[in-house]
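Heads up: the structure comes next, in C-alpha cells.
What follows is calculated from the coordinates using simple rules that are stated; it is not laboratory data. No experiment lies behind these values; they were computed from the predicted model shown. Methodologically, a virtual Cβ is constructed for each residue, glycine included, from the backbone with ideal geometry; neighbour enumeration extends over all protein chains shown.
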Amino acid sequence: MSLTWSAKDHKSYTNPPAVTGLKRPRNDTGNKVTVVLGAQWGDEGKGKVVDLLATEADLVCRCQGGNNAGHTVVVDGKEYDFHLLPSGIINSKSISLIGNGVVIHLPGLFEEGDKNEKKGLKGWDKRLIVSDRAHLVFDFHQVVDGLQETQRQAQEGKNIGTTKKGIGPTYSSKASRTGLRVCDLLGDFKDFSARFKNLVQQYQSMYPSLTVDVEDQLKKLKEYGERLRPMLFELLGHSSIEKKIDY
C-alpha cells in the first residue's frame, strides 16, 4: 500500500468533499510511505518485497514482532537470513529502523548481524537505528516459552507450536508492565539490575524448574548494551537519524 501525504491533503481529508464518490486530491510533493503487510500465515515473501522496495527508500522500518522464523533474501548469489534486522538493511543507501513495537533478543540481534556480515553484509551496524522504547527478550523468556509449550502439551494434549524464541512471554511482560526496555538497560544499570532480578523471581515463582544465572546474564547484557548504544534512537531526540541520513 502506498500513501502520499501533505498539508494540503490533510486539509482536504478533515473537510471532505460533499459529493459522494469524489476522490481525495493527491499531491506528489509529500513524503511517500509504502507499507508491507502479510495477509496469510507467513511465507508470503514479505522479506523479498521489502528488499526490492528498499532500493528506492530512505528509511526501512520494522514495527513489530521478534526473532521468529524470519526472511531469506538472495542478492547476487548470496543468501542472507534475517530474523530481527529489517531485510532492507542490504541496501547500503537506506537506513533501517527497529521500532518500539519490536521485542529484541540482543544476543540474537548481534549474532544475526555478525553472521550476515561474514556473507558480505558490510556496515549493517552503521545503517541500523533501534528505538530505546523497544522491549527486551531475555534468555529466560525463551526457556519459559519452551516450558509453556510443554505445559500445554501435558494439559491439553497439544501446543501452539511456537519457535520458542521467547516472543510471547516478552509481550506478556510488556502487557503486564513488568518488562524491561532498551532505555532501561542503557539508563541506570543498578535500577535495571534490580528490576531484572524481580522479573526473574516472578517467573521462577510460576515455573519452579526455571534456573537463571542472574549475575552472568547481567554482565552479558551490560556488554550488549554498550554495543547497542551507538544505534540508539531516543523518543525525544532525533540525533541518531540525523547522523545516519544524508539530507
Checklist outcome for this item: Applied in sequence order to the range 217-227, the curve 6.51 cos²θ - 1.76 cosθ + 1.60 (Karplus, θ = phi - 60°) yields integer Hz couplings, x standing for Gly and Pro, of 5, 5, 4, 5, 5, 5, 5, 5, x, 5, 5
Checklist entry - Quick one: if you stick a label point 7 Å off each Cα along the C-beta vector at Gln201 and Asp114, how many nm between them? => result 3.3
Item to check | Amide hydrogen neighbours beyond the local backbone of Ile104, cut-off 5 Å, H modeled | outcome: His135, Leu136, Val137
Item to check | Rounded if a/c under 1.5, otherwise prolate or oblate - the range 29-122, Cα gyration tensor axes | outcome: rounded
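Per residue and in Å³, how big is the convex hull formed by the alpha-carbon atoms of the range 135-192?
On the way: hull volume 4.7 nm³, N = 58.
With only Cα atoms used, the range 135-192 gives 81 Å³ per residue.
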Next on the checklist: Please list, in order along the range 191-196, the HN-Hα scalar couplings obtained from phi with the Karplus expression 6.51 cos²θ - 1.76 cosθ + 1.60 (θ = phi - 60°), rounded to whole Hz, x for Gly and Pro.
Outcome noted: 5, 4, 4, 5, 5, 4
Checklist outcome for this item: Amide H contacts under 5 Å for Val60, restricted to residues at least 5 apart in sequence or on another chain and with H modeled in the peptide plane, are Ile95, Ser96, Leu97
